[in-house]
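The values are calculated or read from the model by the stated rules, or taken from the named source; none is laboratory data. As the structure is a computational prediction, the values presented were derived from the model and not from experiment. All Cβ positions, glycine included, derive from the backbone under ideal geometry; neighbour counts span all protein chains shown.
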Amino acid sequence: IMFKTIWFLNRLIHSGVSKHRSVVRLWSNAADGAVAPPADCRITAEQAIRLWAQHFTLHGISEPLLSSQYIISHVLGEKTLECVQRKRLRDTLTDRERERVWELGSKRLTRMPVQYVIEEWDFRDLNLKMRPPVFIPRPETEELVNLVLEDLRLIRGESHTTDLRCLEVGCGSGAISLSLLRSIPQLRVFALDQSQTAVCLTMENANRLGLQDRLDVHLLDVIKDADAILSKCNPVDFLISNPPYLLSQDMETLQTEILGLDLLGKTSSPPNLFLSYAFKCLCLPRRVYLEVAPCHPPIIQQLIEEMMPGLLYLETRCDLTNRPRFCILQKKGEDG
Ligand SMILES: C[S@@+](CC[C@H](N)C(=O)[O-])C[C@H]1O[C@@H](n2cnc3c(N)ncnc32)[C@H](O)[C@@H]1O
């Protein structure tokens, strides 16, 4: 079973990569019809926000006003428009600010996600560097982290003395691992990703946040490098993952921004990928927390019950919009 599963997974995941490779660099093409700066070069921040929002709308860019606000706030050194002083909005942009707004606005016109345009994004209480094509963390994943923290608190009580070890599969920008490290001082995290860019970005974010001492990041493929994972990351108390999970039929309807993320985001053949995670869980952690698509929990439950006798499917949790998005599994014989 083990051999067949790994072989099957390899084929499915890698056929997924080549199928969608053509769209990966869609938004890295040059901007189509960039907006001209004002003739006298005088424009206030407020006017620039309106101008770029209109321009984004004309070009069918999603969330035109928000995009424009994020870009201009960023150029003015703030995260959101609310943080920018009212007076500052009515001031004329300096030459350098105006050039920067035009540069970033033109990038957004290529449909590059605004998080890549401004090269940063907030996840819970962390500010993270973002770089294409590493997956941009989503709000649901903040819910996953909250769920894990709450679950661990219930299991461990208020005890803060015991050390904890965790493995994150597919760390991307490091959002999950770094959030957990920030919240649990006794935690050591092993994070792995098959993408070199993701591994580098996680390390960069860890260094910026001063969390690098309790983090080991490895360039490993969860399917191909099972032995290396076991030797480098074993033992751990829990495994957490927000694995690739877009179904291929979803690809037809996705926005260009998301298509540009391709496999580093969510594309894959889900149940089989999960099977491989589950397989490793038998040798590794006591608990497994997964963020999945709403259609996956019953599939995962069935697979666990049929093929993974050492694992117990504990429960499915819903996200804030009441969609079943999180699975909790437990090694049999563990009672929390
Ligand atoms: C949906 S992203 C999640 C990233 C990050 N954990 C987050 O929540 O923002 C999935 C991550 O899994 C990684 N990945 C995909 N297949 C993998 C594999 N076979 N082995 C290791 N990592 C993989 C991708 O490179 C990507 O960074």
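The condition of being touching a strand residue (DSSP E or B) at 6+ places or on another chain (Cβ under 8 Å), assigned to a loop (DSSP other than H, G, I, E, B), hydroxyl-bearing (Ser, Thr, Tyr) and within 11 Å of the ligand (Cβ to nearest atom) holds for residue 173. A Cβ distance below 6 Å, combined with a sequence gap of six or more or placement on separate chains, defines the contacts here; from the stretch 164-190, residues that are surrounded by 20 or more Cβ atoms within 10 Å (Cβ to Cβ) reach residues that are of a type in the set (Phe, Trp, Tyr) in the pairs 166/238; 167/190; 172/135; 175/123. Please tell me if residue 225 is closer than 18 Å to residue 239 by Cβ, buried (at least 22 other Cβ atoms within 10 Å of the Cβ) and within 12 Å of the ligand (Cβ to nearest atom). So residue 225 does not fit the description; no. I'd like the full set of residues that are buried (at least 19 other Cβ atoms within 10 Å of the Cβ) and free of Cβ contacts under 8 Å to residues at least 60 places away in the same chain, limited to the stretch 85-115. Passing the criteria: 93, 101, 104, 108, 114, 115.
The single residue among 149, 180, 167, 201 that is farther than 27 Å from residue 64 by Cβ, outside any loop (DSSP other than H, G, I, E, B) and away from the ligand (no atom under 14 Å from the Cβ) turns out to be 149. Against the conditions (1) closer than 20 Å to residue 126 by Cβ; (2) more than 9 Å from the ligand (Cβ to nearest atom), where does residue 191 fall short? Just the number, please. So residue 191 meets the others, but not (2). Which of the residues spanning the stretch 230-245 are more than 9 Å from the ligand (Cβ to nearest atom) and either under 23 Å from residue 144 (Cα atoms) or not charged (D, E, K, R) (or both)? Those that are more than 9 Å from the ligand (Cβ to nearest atom) and either under 23 Å from residue 144 (Cα atoms) or not charged (D, E, K, R) (or both): 230, 231, 233, 234, 235, 236, 237, 238, 239. Against the test of being at pLDDT 90 or above, polar (S, T, N, Q) and either assigned by TED's automatic domain parsing to the domain that holds residue 140 or buried (at least 22 other Cβ atoms within 10 Å of the Cβ) (or both), the options 322, 272 yield a single qualifying residue, 322.
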